[in-house]
Amino acid sequence: MKLKLIHTNDVHSNFENFSKAASLIRQHKDDDTLIFDGGDFADFKSIELQGTKGMAAIEMLEYVGYDALTIGNNEMFNGVDTLEHMASNSSFPFISNNLLKKGKSKITGVFSSTIIEKNGLRILITGSSPDLEEFNDGLGVHISSYKEAIAEEIKRNQGKYDICILLNHVGTFVDDELVKEMNGIDVIISAHDHKLYSEAKIVNGTVMNSAGNYGEHIGILELAVTDGKVELLHSMNLSTVSIEMDQEIVAILKRNKEKAIEVLSQPLYTIGQPLWHDVIEENPITNLIADGLKDMLNCDIGLINSGIVNAGVFNYLSNKKLIEICPSPLNPTSFEVKGKHLINAIEQSLDAQICMADGRGPGFRGKYAGRLHVSGATIKHDGKKVTEMIIGDNPVENEAWYTVASSDYLHRGSGYESLANNRNEKYRAEEIRDVIRLYANRPEFLEKAFITRWKESSEITV
């Protein structure tokens with residue numbers, strides 16, 4: 001029997017590219033085709049998804065004719081409730097064999113595996129989600145060992161299928177090791193680390209492919225299956241760059257954007273003072289976030305980079321504005337760091353080139369790293385060096401540990417590497433945009449946001 005697998009992975013809501021991918025998929029699919037996504041299709045930076053609880057993504061995937069999707073980390077980032085809403089209202093299965101709710105109960109609508117019949121073949125489809133470790137509790141999920149979960153699905157379905165396809169959102173390097181340790185997997189669609197294979201490869205008899213990211217390619221595997229044995233006939237990872245957009249996808253996006261804008265544009269409250277933004281200069285909206293983080297997490301200082309937001313807030317705040325100005329799904333995070341590492345990061349922030357550096361990093365959806373903003377500290381500098389920094393009533397000591405309320409982006413040392421020298425990290429389920437929402441209507445925090453924290457000639461304690 002012949003079987004054609006077409007797949008995407010790590011699209012991350014790059015829907016303009018996906019509209020081209022949809023055209024390409026529709027060109028290449030035939031009666032022998034199954035269509036899969038390897039996870040991280042739905043990135044909630046998208047207004048279309050935020051305003052429809054993810055249903056815009058389902059509508060697009062259903063139109064193209066997808067047969068299954070494995071849950072990546074980004075499908076979790078808007079909370080379990082949204083994931084359940086998407087999975088329960090999808091005509092194709094959402095698959096994860098190792099993802100449960102925090103209390104280890106099942107997530108409604110999510111399947112550990114499914115069996116699809118095609119051309120007389122019984123095809124077992126399973127897949128795993130990545131372990132987000134410290135973030136699991138904040139997201140309200142429990143993620144078990146993917147190796148044990150895959151082995152359990154193969155054992156549980158023994159005798160019920162002819163071939164096994166694994167849609168695995170744990171990384172290509174992990175899958176390379178997995179096939180050396182485990183038998184019984186015929187095909188792996190890899191995802192999570194955004195690798196683009198020049199063509200599919202075969203490792204220990206298992207056909208493996210990964211089609212990059214952002215909808216820039218689709219993967220195609222043409223297989224022959226004889227007596228349960230899979231032979232790779234041909235593989236391609238095709239670029240979508242020169243393909244025309246599928247107009248039905250464009251129409252679906254347009255309809256859902258209109259719905260989303262109507263829902264998300266409802267004002268939450270008016271803003272007492274305009275909170276302007278700048279990447280390099282100290283500004284009130286980033287100060288507000290630093291103050292809010294310090295208050296929320298009850299730390300010695302609040303610390304956040306101005307690149308976390310893209311613009312200021314004026315007149316009123318709505319959920320649409322929050323998504324637009326702060327699209328990163330980053331979480332409030334507390335950790336401890338030594339004074340010397342803290343001062344090193346603060347000092348680096350005086351360099352405009354560092355502030356304007358590409359802020360790229362896990363979970364970051366902005367452009368520039370941006371200048372560090374503080375709460376609870378006095379900083380004096382000469383334009384190049386920090387001459388004095390006081391936390392509370394005492395000068396910062398190099399070897400002393402300080403509690404910092406920040407984001408998981410800075411906790412990892414993104415943008416400011418010295419901050420990665422930390423310990424005792426704790427994460428909150430909220431996102432940084434929630435800090436803006438919670439504190440921008442509190443007059444005392446609005447007033448404090450305009451107090452300058454960096455001075456060359458004088459000191460002001462906040």
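Can you sort 64, 396 by 1.4 Å-probe accessible area, starting with the largest? Mind showing how you got there, number by number?
Working: 64 0, 396 25 Å².
So the residues, ranked largest to smallest area, are 396, 64.
So, with a 1.4 angstrom probe, what is the percent of accessible area on the chain that is carbon and sulfur? Working shown, then result.
Working: 8660 of 18930 Å².
Carbon and sulfur: 46 percent of the exposed surface of the chain.
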Worksheet item: Measuring from the lowest to the highest alpha carbon on each principal axis, how far does the stretch 352-418 reach, largest first, in angstroms?
Response: 36, 26, 19
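P(r) tail for the stretch 264-348, what percent of Cα pairs lie past 23 Å? Before the final figure, lay out the partial values.
On the way: 983 of 3570 pairs.
When all Cα pairs of the stretch 264-348 are counted, 28 percent exceed 23 Å.
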Discussion item. Tell me the accessible surface of residue 238 in square angstrom (1.4 angstrom probe, heavy atoms of protein chains only), to the nearest ten.
Written reply: 40
Worksheet item: Roughly how many Å² is the accessible area per residue of the chain, as a whole number, for a 1.4 Å probe?
Response: 41
Worksheet item: To the nearest 10 Å², what's residue 269's accessible area with a 1.4 Å probe?
Response: 40
Worksheet item: Rank 387, 403 by accessible area, highest first, at a 1.4 Å probe radius?
Response: 387, 403
Worksheet, complete the sentence: Using a 1.4 Å probe on heavy atoms of the protein chains only, the accessible area for residue 255 in Å², nearest 10, reads 100
Worksheet, complete the sentence: Note to self: C-alpha centroids of the stretch 19-44 and the stretch 237-271 sit apart, in Å, by 18
Worksheet item: Measuring from the lowest to the highest alpha carbon on each principal axis, how far does the stretch 95-214 reach, largest first, in angstroms?
Response: 39, 33, 27
Worksheet, complete the sentence: Relative contact order in percent for the chain (Cα pairs under 8 Å, 6+ apart) equals 15
Item to complete: Would you work out if the chain is rounded, prolate or oblate? Take a ≥ b ≥ c from the square roots of the eigenvalues of the alpha-carbon gyration tensor; rounded if a/c is under 1.5, else prolate when a/b is larger than b/c, oblate otherwise.
Response: prolate
Response to the item:
With a ≥ b ≥ c from the Cα gyration tensor eigenvalues, square-rooted, and the rule rounded for a/c under 1.5, otherwise prolate when a/b > b/c and oblate otherwise, the stretch 101-164 is prolate
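Classify the stretch 1-104: rounded, prolate or oblate, from the alpha-carbon gyration tensor (a ≥ b ≥ c, eigenvalue square roots; a/c under 1.5 rounded; otherwise prolate if a/b is larger than b/c)? Intermediate results must be reported in sequence, preceding the final value.
Numbers: a/c = 2.19, a/b = 1.43, b/c = 1.54.
Oblate, because a/c is 1.5 or more while a/b does not exceed b/c.
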Worksheet item: Rounded to the nearest 0.05, what FRET efficiency do residue 239 and residue 455 have when you use their Cβ-Cβ distance and R0 = 35 Å?
Response: 0.10
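The values are calculated or read from the model by the stated rules, or taken from the named source; none is laboratory data. Here the structure is a predicted model, which is why all the values come from computation and not from measurement. Using ideal geometry, Cβ is built from the backbone for each residue, glycine included, and neighbour counts are taken over all protein chains shown. Quick note on the areas: whole protein, heavy atoms, side chains included, nothing else; ligands and nucleic acids left out. Shrake-Rupley method; radii C 1.70, N 1.55, O 1.52, S 1.80 Å.
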